[in-house]
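Structure record follows, encoded as structure tokens.
The values are calculated or read from the model by the stated rules, or taken from the named source; none is laboratory data. Remember, predicted model here, so these are calculated numbers, not experimental data. Cβ placement follows ideal geometry from the backbone for every residue including glycine, while neighbour counts extend to all protein chains displayed.
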Amino acid sequence: MRHLDPELEAWLLHAAPRAVAYARALVKRPEDAEDVVHDVVCRLLDHNEYNLAKDGERLLFRSVTNACINRTTRRREIASLSATQADGAALQDSLASGSASDPAQIAIGRELSQAIERELKNLPPLQRAAVELKALEKSLKEIADILGLTVPNVGVLIFRGRKLLAKRLGPQVEEFKL
Amino acid sequence: MTTEDRNIDKLVRSYLHEHEQKVNAPAFLARVKAAKPAKRRRPALRVAAAVSIAAGLAIVSLHLFRNESAQQAPELPPISELMQDQGKAALTGAAAGVAAAQHSLQEAAAQVSMQTAPLLTQNLSIPAPALDTQLDSLRRDAGVIGQNIRSLIYRTLSDAGLQS
């Protein structure tokens, strides 16, 4: 059993869900995101030299990025008829707000959510990470620190990522009036 | 930033926010707390690598020493008894060191086999037969390196007239 300071617990309760959501589009199987973040958090907690309360956000996102890229590029997927489908959990996914109880709205929201996830996954990993971190309102400097890149490079990644997403999601955005 | 960029950011943010809301943070925290802290593994592979490098350097050094001795032997004055004793002690020590290094390498290979082979097989999807082949090769290499160094030492001792 691991003992955590109240300060660290509070930070983890705030940061972990964001990290899981961030990791979701970076791994091949979205349901692996929580496991990746769990492993990363445990590894960070095992290292006493890290000050997570002070610098945890940067370390967490950086480690999650690396872990997701490693998992995506180095792990060999086992093809099996009995394997769980990647979008098994995604059937419940929906972008609809709590007020959208109309089945048609729910279906539209779900379709859009799936489209965003699909198009994010079609971006190169670093572009995807940069676009997601920008959407999480990180500054270019923070993103550069997390991804280990220069600020101009991050700017280029975000610009290209947004352009590709706009091109691919444009018709749907128009259609759903979002 | 254009309107189109803002719309894309908004879409991605809403996607992230949606999935953020689905994470059960208290359950996640409980899972992290329940996970046992990782044990530090013995760095078997690093030990094996260090021993291999050390053995390689020893082989190169002995080769150089032997060649140099062979070339310069006619011009060198006879080695005194004291020097002979010291040289013999040093080379005997080196032989013992090589034996220890060989043992460490074999032990490291055994540790890899016992402790990490199942992990490697399961987590990295390395087929067990391929891993066994690698480990067998490592053990064989350890034996060969040890034998080579020992024979070099004995040959050097013999060349220097320290051993019949």
* Subset of segment A:20-38 [more than 9 Å from every other protein chain (Cβ to nearest Cβ), touching a residue at least 12 places away in the same chain (Cβ under 8 Å) and assigned to a helix (DSSP H, G or I)] -> A:Ala23, A:Glu31, A:Asp32, A:Val36
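Are any residues in segment A:119-129 in a helix (DSSP H, G or I) and more than 11 Å from chain B (Cβ to nearest Cβ), and if so, which ones?
Within segment A:119-129, the subset in a helix (DSSP H, G or I) is A:119-122, A:125-129.
Scanning segment A:119-129 gives A:Lys121, A:Asn122, A:Pro125, A:Leu126, A:Gln127, A:Ala129.
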* For segment A:44-56, which residues satisfy the criterion of being in a helix (DSSP H, G or I) and more than 14 Å from chain B (Cβ to nearest Cβ)? -> A:Ala53, A:Lys54, A:Asp55
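Pick from segment B:27-49 the residues that are at pLDDT 80 or above and more than 7 Å from chain A (Cβ to nearest Cβ): which of them is farthest from A:Ala23 (Cα to Cα)? Can you show your working first?
Of the residues in segment B:27-49, the ones at pLDDT 80 or above are B:27-35.
Among the residues that remain, those that are also more than 7 Å from chain A (Cβ to nearest Cβ) are: B:27, B:30.
Working: B:Ala27: 18, B:Ala30: 20 Å.
Within segment B:27-49, the match that is farthest from A:Ala23 (Cα to Cα) is B:Ala30.
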* Pairs where the first residue, in segment B:1-21, is more than 7 Å from chain A (Cβ to nearest Cβ) and the second is among the acidic types (Asp, Glu) and in a helix (DSSP H, G or I), C-beta under 9 Å, 6+ apart -> B:Met1/B:Asp9
* To do: State the number of residues belonging to segment A:1-29 that are buried (at least 24 other Cβ atoms within 10 Å of the Cβ) and aromatic (Phe, Trp, Tyr).
  => 1
* **Condition met for B:Pro74 (of a type outside the set (Gly, Ala, Ser), more than 30 Å from A:Val131 (Cα to Cα) and modelled with pLDDT under 65)** => yes
* Determine the pairs where a residue that is at the interface with chain B (Cβ under 8 Å from one of its Cβ atoms), located within segment A:161-172, has a partner that is small (Gly, Ala, Ser) with Cβ atoms under 7 Å apart, the partner being 6 or more residues away or on another chain. => A:Leu169/A:Ala115
* To do: Go through segment A:1-13 and give me each residue that's at the interface with another protein chain (Cβ under 8 Å from one of its Cβ atoms) and within 19 Å of A:Ile146 (Cβ to Cβ).
  => A:Leu12
* To do: Scan segment A:131-144 and give yes if some residue there is basic (Lys, Arg), surrounded by 20 or more Cβ atoms within 10 Å (Cβ to Cβ), under 16 Å from A:Asn66 (Cβ atoms) and out of contact with any Cys (no Cβ under 7 Å at 6 or more places or on another chain), otherwise no.
  => no
